[in-house]
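Heads up, the thing below is written out as structure tokens.
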Amino acid sequence: MKNELEPLALTPELVGKLQELRDKYSLTGQDLISNLEGLLYANYLKYWDYIHLDTLLSLQNPKTDFADEKIFITYHQITELYFKLILWELEQMATHQSINTKFYTERIKRIDRYLQNLIFSFDVMTEGMEYEQFRQFRMSLLPSSGFQSAQFRKIEICMTDFAHILAHTHHEKADFSEPIDNIFDFLYWKQGASDQKTGEETITSIHFQQKYRNDFVELAEKYRQKNLWQIFLELDRPKEAIELLKNIDALINIDWRLAHFKSAVKYLKNPKGEAVEATGGTNWQKYLPPRFQKIIFYPELWTSEEKENWGKKWVEKTINSFEN
Ligand code: HEM
């Protein structure tokens, strides 16, 4: 039975809302009545449409029949979504017209939270797949590698001065006032991406740059004055941001990299315990550990001793257990 509703009363509140709507539409040359009629026919919003659930759930397409490959691909996608959120926070800070310390520190805390989630959940990789299955399905993924995560590289670019993501061997040679294009080749990851056997640049890295190099150069130019460190300077080095910056530096450049390295240690050795070649072809045992990479976004905020011991404790433990 249809509910009988009271006739509509034109209350001041209702009239006010109608006026606001009319003003909104008239700004773009539309009229109120047509738009109200449109509302009559419009469907209700549904959860699955709003979050594009069908599309989202159609994207986990393993290349093999090994059940655990689904975990591998899905967890990479989860990580990329978190990366997307991190980049979104960085963009909001970079494009803010009159950023203040409160906005800045709150966004950094959000980034901290996303990273904590990623680090905490990395066990999904390290513990959550069968070694035997992984060792087989990985062969179908050659020569792709998480190394080719463009969002990861973009996060690096937006979080610090370009100088701090260059290989240490090139710090003195590189002139940071030069166009990014001229010093791009000194990036730590480009330097690290040499084939374990031939010493040549890996095909994984070549493919990656064919697709993204221009984007990276453009982004780095754009963030030269607007990266997280530069905003810190612009805000006059607020004290309350110092620990927060150090935290996210360590979360990305020690904790995440170590959680990730742990999964390589687990899966990229044969049953005899010998290291095997990674899909991206790097000498991963030397390349991945933070202790060797020593990427530090905010070196000015750390003591010499802290920098000297970057990532040391954890890696010593892991590498020793791996080598013994
Ligand atoms: C069992 C799981 C994993 C293993 C064994 C693994 C292994 C590796 C290896 C060996 C490298 C070095 C490049 C190469 O030679 O391929 C690498 C790089 C990388 N992987 Fe993974 N990976 C795993 C999961 C992930 C996940 C879930 C992500 C998330 C997106 C990821 C993102 C990256 C990134 C960003 C790099 C570049 C790191 C750098 O340049 O310092 N990996 N991975």
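Just so you know, in the range 115-144 the residues that are in contact (Cβ under 8 Å) with a residue 40 or more places away in the chain and under 15 Å from the mean Cα position of the chain (by Cα) include one that is nearest to ARG257 (Cα to Cα), and it is ILE119. Condition check for HIS207 on (1) within 16 Å of the ligand (Cβ to nearest atom); (2) over 30 Å from GLU130 (Cβ atoms): one failure, at (2). Taken together, the residues in the range 251-278 that are of a type outside the set (Ser, Thr, Tyr) and closer than 24 Å to TYR82 by Cβ amount to 17. The number of residues in the range 269-283 being part of a strand (DSSP E or B) and within 6 Å of the ligand (Cβ to nearest atom) comes to 0.
One residue alone among TYR75, TYR114 is under 23 Å from GLY280 (Cα atoms), surrounded by 14 or more Cβ atoms within 10 Å (Cβ to Cβ) and in contact with a helix residue (DSSP H, G or I) (Cβ under 7 Å, 6 or more places away or on another chain), and that residue is TYR75.
The C-beta contact set for the range 46-69 (first residue farther than 16 Å from GLU132 by Cα and in a loop (DSSP other than H, G, I, E, B), second residue among the β-branched types (Val, Ile, Thr) and at pLDDT 95 or above, distance under 8 angstrom, 6+ apart or interchain) comprises GLN60/ILE73; GLN60/THR74; ASN61/ILE73; PRO62/ILE73. One residue is enough: does the range 147-154 have a residue meeting the conditions of a type in the set (D, E, K, R) and away from the ligand (no atom under 15 Å from the Cβ)? So far as the range 147-154 goes, no, none of its residues is of a type in the set (D, E, K, R) and away from the ligand (no atom under 15 Å from the Cβ).
Only residues that are within 19 Å of the chain's Cα centre (by Cα) and outside any helix (DSSP H, G or I) were counted in the range 197-234, giving 4. Within the range 252-284, being within 21 Å of ILE206 (Cα to Cα) and either surrounded by fewer than 21 Cβ atoms within 10 Å (Cβ to Cβ) or out of contact with any Asp or Glu (no Cβ under 6 Å at 6 or more places or on another chain) (or both) holds for GLU277, ALA278, THR279, GLY280, THR282, ASN283, TRP284. Tell me which residues, restricted to the range 235-261, are part of a helix (DSSP H, G or I) and either among the acidic types (Asp, Glu) or modelled with pLDDT under 95 (or both). Hits for the range 235-261 are GLU240, GLU243, ASP249, ASP255.
The single condition among (1) part of a helix (DSSP H, G or I); (2) closer than 27 Å to ARG257 by Cα; (3) in contact (Cβ under 8 Å) with a residue 12 or more places away in the chain that LEU81 does not meet is (3).
Conditions (1) of a type in the set (Phe, Trp, Tyr); (2) away from the ligand (no atom under 16 Å from the Cβ), marked per residue:
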| site | (1), (2) |
| --- | --- |
| GLU20 | no, yes |
| ASP31 | no, yes |
| LEU39 | no, yes |
| TYR44 | yes, yes |
| TYR50 | yes, yes |
| ALA67 | no, no |
| SER98 | no, yes |
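Given the residues PHE176, PHE162, PHE186, PHE137, which is the only one that is aromatic (Phe, Trp, Tyr) and either within 12 Å of the ligand (Cβ to nearest atom) or at positive phi (or both)? From the options PHE176, PHE162, PHE186, PHE137, the qualifying one is PHE137.
The values are calculated or read from the model by the stated rules, or taken from the named source; none is laboratory data. Keep in mind that what you see is a predicted model, and the values were worked out from it rather than measured. Note that we place each Cβ from the backbone using ideal geometry, even for glycine, and neighbour counts take in every protein chain shown.
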